[in-house]
1. Are any residues in segment 319-339 open to solvent by less than 80 Å² (accessible area, probe 1.4 Å) and in contact with a helix residue (DSSP H, G or I) (Cβ under 9 Å, 6 or more places away or on another chain), and if so, which ones?
2. Looking at segment 322-346, I want the residues that are under 30 Å from Ser124 (Cα atoms) and have a partner that is open to solvent by 80 Å² or more (accessible area, probe 1.4 Å) with Cβ atoms under 7 Å, at least 6 apart or on another chain. Which pairs are those?
3. For segment 2-25, check the following and say yes or no: at least one residue is among the β-branched types (Val, Ile, Thr), crowded, with 18+ Cβ neighbours inside 10 Å and within 16 Å of the ligand (Cβ to nearest atom).
4. Take Gly268 and decide whether it is assigned by TED's automatic domain parsing to the domain that holds Leu182 and either within 18 Å of the chain's Cα centre (by Cα) or surrounded by fewer than 15 Cβ atoms within 10 Å (Cβ to Cβ) (or both).
5. Take Val29 and tell me if it is more than 16 Å from the ligand (Cβ to nearest atom), open to solvent by less than 70 Å² (accessible area, probe 1.4 Å) and not in a strand (DSSP E or B).
6. All but one of (1) open to solvent by 20 Å² or more (accessible area, probe 1.4 Å); (2) under 9 Å from Val234 (Cβ atoms); (3) not aliphatic (A, V, I, L, M) hold for Gly195; which doesn't?
7. Out of Thr119, Thr169, I need the residue that is without any contact (Cβ under 8 Å) to a residue 12 or more places away in the chain and of a type in the set (Val, Ile, Thr). Which one?
8. Would you point out which residue out of Met303, Met279 is within 20 Å of the chain's Cα centre (by Cα), open to solvent by 50 Å² or more (accessible area, probe 1.4 Å) and touching a residue at least 40 places away in the same chain (Cβ under 8 Å)?
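The values are calculated or read from the model by the stated rules, or taken from the named source; none is laboratory data. The shown structure was predicted, so the numbers you read here are calculated from the model rather than taken from an experiment. With ideal geometry, Cβ positions are generated from the backbone for all residues, glycine too; neighbour counts draw on all protein chains shown. Heads up: the accessible areas ignore ligands, DNA and RNA and are worked out on the full protein's heavy atoms, side chains in. Shrake-Rupley method; radii C 1.70, N 1.55, O 1.52, S 1.80 Å.
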Amino acid sequence: MSLPNKPKKIGILTAGGDCPGLNAAIRGVGKTAIVEYGMKVLGFNAGFLGLINKDYMVLKESQLSGILTLGGTILGSSREKPYKNVMNGEEASGKPEKIKHTYHDLGLDCLVCIGGNGTMKTASLLAQEGMNVIGIPKTIDNDVWGTDITFGFESAVQIATEAIDRLHTTANSHQRVMIIELMGHHAGWLALYSGMAGGGDIILLPEIPFNIHSVCKKIESRYQDKKPYSIVVVAEGIEHPKNQSAASYLAEEIKACTGNETRETVLGYIQRGGSPTPMDRILATRYGAFAAQCIAEECFGTMVAIKKGDLTTVPLQEAGGNQRLVEPDHPLILKARKMGVSFGDD
Ligand code: F6P
């Protein structure tokens, strides 16, 4: 705990895959910490690597202006996992000790870790080592446990939906089956939401095992109903041979069993780039400002979260150990099925 009159000194980092809204969150924490609470703010470069290598910059309020709409992260990010060796049962890497050293050497009162599941896991382990840590959930995958929504997700849904919209017209012109592969290794939130927003006919998620015959049956019945084309939206993490993309596997299989012409699109990193949507800017700002308030109130060892629209906190240990997947009976899936959307399992 810092002395009553001594301003708190905090560190911020962004870790894991980037997403739109990271800069809005950095700005939200940093500005509130400086303007409202008079704290000192350091930004660590490239996620946990910055902490390991003591690579940081002092963030002044003026440096936090003009970044709200910017994609990516001004701090950089990396997939560095300092506890990886320990978790894999290998020889300790010494990285957690280096982080602890940086934390104490710089006299930090709190570390703000902005990231997804992996970051929350690391944040929780650092908290268990005695550091004051607060997590902020981000990811286009929307799969962080303990919160109803992560920032980055809405922006990615918008980008993916625009892509699906564009596929409809070209699919129609050529009477083709279009397969679009979206990100999501374990969680199908992005495919589900973009698939529904973009009017996908078949949506395949990692959480719902599919049957290729059921997919082909759906496509054939659409042609019989005089619907000249089909759109298949697929999350990258569905079960498929690992030597090809999910989209190319489906394109081959669908062509083989229906005889229809197929084309594949793998949207890739476009989903993570560019400016956040207004709602993601607001969400990231709310999370950031609330995290600064949590630091002032010393609610350490927690992740800021949204539940039923309200800001709250959840223990980092709970968030870090879990993943929020799509429930097969999610209300949107039940509605979709009633409208004839196939999830490849009927
Ligand atoms: O974690 C977000 C995510 O976008 C996943 O959906 C995707 O599988 C992964 O990142 C890819 O990340 P990278 O190639 O940057 O490690």
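1. Selection gives Ala319, Gly320, Gly321, Asn322, Gln323, Arg324, Leu325, Val326, His330, Leu332, Ile333, Ala336.
2. So the pair list comes out as Asn322/Trp145; Gln323/Trp145; Gln323/His186; Arg324/Trp145; Leu325/His186.
3. Residues of segment 2-25 that are among the β-branched types (Val, Ile, Thr), as a first pass: 10, 12, 14.
Retained after the next criterion (residues that are crowded, with 18+ Cβ neighbours inside 10 Å): 10, 12, 14.
Subset that is within 16 Å of the ligand (Cβ to nearest atom): 14.
Yes, segment 2-25 has at least one match.
4. In short, yes.
5. In short, yes.
6. (1)
7. Numbers: Thr119 fails: without any contact (Cβ under 8 Å) to a residue 12 or more places away in the chain.
Among Thr119, Thr169, only Thr169 is without any contact (Cβ under 8 Å) to a residue 12 or more places away in the chain and of a type in the set (Val, Ile, Thr).
8. Only one candidate qualifies: Met279.
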